[in-house]
Structure formats: C-alpha cells, structure tokens
Amino acid sequence: MALLPILRYPDSRLHTVAKPVSTVDARIKTLIADMLQTMYEAKGIGLAATQVDVHERLIVMDVSEERDQAIILINPQLVWTSAETHLNEEGCLSVPGIYDGVERFDAVTVSALDEHGTSRVLQAEDLLAVCIQHEMDHLMGKVFVEYLSPLKRNRIKKKMIKAQREEAQ
Ligand code: K1U
Ligand code: ZN
C-alpha cells in the first residue's frame with residue numbers, strides 16, 4: 001500500500017471530469033487500497049480518485065466511528081434523491097482547514113460497482129448521503145467551495161495559495 005499525494009485547491013486538475021472505470025482489475029484494486037490508506041491517514045471520511053490525480057470514477061468512504069466500514073463506489077450513478085435538502089457543514093481534504101455550509105439532498109440512492117466489480121444499490125442518509133454527494137461532485141470536477149459566494153471563494157483561493165507558498169519555503 002502507498003500514501004498518495006492529495007491535490008490541493010486551486011489546482012486546475014481538480015476540475016477534470018472523471019471517465020468511467022472500464023474494468024475492476026488489479027490496478028484498480030491497488031488504487032482502492034492506496035486511496036483507503038490515504039483517506040484514513042488524512043482522517044477523512046471520503047476520497048475521490050480525482051483528488052489523487054486519477055481521473056476515473058472511483059470513490060472510497062468510511063463514515064463509521066470505528067473506521068472499519070469502508071465503502072467503495074466504482075462508476076457511481078445517483079438513481080434517486082430526496083425532495084428535502086439541508087445545509088450541511090462540509091470540509092475537504094483538498095481544501096484543508098476550510099469548513100462551510102452546502103445545501104445537499106437529505107437522502108440519496110446510488111448504484112455502483114463494488115471493489116469486486118459487483119453491481120450494488122446503496123441507500124444513504126445523513127453524513128453518508130452528504131459524503132456521497134461531495135465525492136460525486138469531485139468526479140465531475142467540482143470542489144465544494146464552488147457552492148460558496150465568489151467573495152468567499154476568492155478569499156479561500158488566496159489563503160490556499162499563501163499556505164502552499166509558505167509550505168514550499
Ligand atoms: O472529499 C474529501 O475531501 C473528504 C471530505 C469528505 C466530506 C466531509 C464532510 C462533509 C462532506 C464530505 C472529508 O473527509 S473532510 C474531513 C472530515 O473528516 C470531516 C469534516 C467535516 C465533517 C465531517 C468530517
Ligand atoms: Zn473533498
């Protein structure tokens with residue numbers, strides 16, 4: 001297993017639209033293991049392949065307290081969304097230290113392949129539903145700060161560029 005570097009906003013590669021995974025082969029299984037290790041080490045609840053500069057439709061998540069219930073979604077598709085939405089506080093491993101509210105569906109149903117290449121349908125609510133929507137946005141090249149006002153987004157962009165400049169020194 002390997003820790004993968006996570007792209008940081010405003011890296012333009014975060015805006016790449018991911019392509020479907022063609023086969024769940026050994027390369028994808030290694031990528032899943034590496035992404036899980038990277039997500040757990042970063043103390044995240046989710047990670048999209050886009051964030052590690054792989055532009056294929058693959059998400060890993062674990063919203064459990066014990067951090068022992070990994071969920072893998074390959075080629076996920078939203079098949080149902082609730083009528084109700086709520087403003088939820090979100091963070092992002094690609095935008096460290098920034099948290100803000102995003103309006104999301106309360107519940108979703110997603111169809112996807114699992115890590116064995118088997119078709120699954122997952123019904124999700126609460127934090128898992130929010131996480132699925134956040135990660136599926138990554139696969140479409142969208143970062144959560146793009147839901148915020150241009151003023152907030154520009155402030156965040158400047159803060160991130162400054163932090164990365166200081167880290168590089
Ligand atoms: O995709 C990512 O960058 C991971 C991100 C997922 C996420 C967090 C919160 C709401 C939606 C999606 C994170 O894991 S950020 C760090 C984190 O663990 C966290 C932050 C806020 C609430 C809960 C967890
Ligand atoms: Zn994110």
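The values are calculated or read from the model by the stated rules, or taken from the named source; none is laboratory data. Computed from a predicted structure; not experimentally measured. Quick reminder, even Gly has a Cβ in these numbers, built from the backbone with ideal geometry, and neighbours come from all protein chains shown. Side chains are part of the model used for accessible areas, which takes the heavy atoms of the whole protein and leaves out ligands, DNA and RNA. Shrake-Rupley method; radii C 1.70, N 1.55, O 1.52, S 1.80 Å.
Results, tabulated for the structure shown:
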{"quantity": "Qualifying positions in the range 86-107 - away from ligand 2 (no atom under 16 Å from the Cβ) and surrounded by 13 or more Cβ atoms within 10 Å (Cβ to Cβ)", "calculated": "H86, F105, D106, A107"}
{"quantity": "Sole exception among (1) under 16 Å from L139 (Cβ atoms); (2) not in a loop (DSSP other than H, G, I, E, B) for Y40, by number", "calculated": "(1)"}
{"quantity": "Residue, nearest to ligand 1 (Cβ to nearest atom), within the range 108-143, restricted to residues that are part of a strand (DSSP E or B) and open to solvent by 20 Å² or more (accessible area, probe 1.4 Å)", "calculated": "E125"}
{"quantity": "Counted residues, the range 140-169 - those being on the phi > 0 side of the Ramachandran plot and of a type in the set (A, V, I, L, M)", "calculated": "0"}
{"quantity": "Residue in the range 46-55 that is touching a Cys at 6+ places or on another chain (Cβ under 9 Å), open to solvent by less than 60 Å² (accessible area, probe 1.4 Å) and within 15 Å of ligand 1 (Cβ to nearest atom) present", "calculated": "yes"}
{"quantity": "Qualifying positions in the range 71-88 - among the hydroxyl-bearing types (S, T, Y) and within 13 Å of V21 (Cβ to Cβ)", "calculated": "none"}
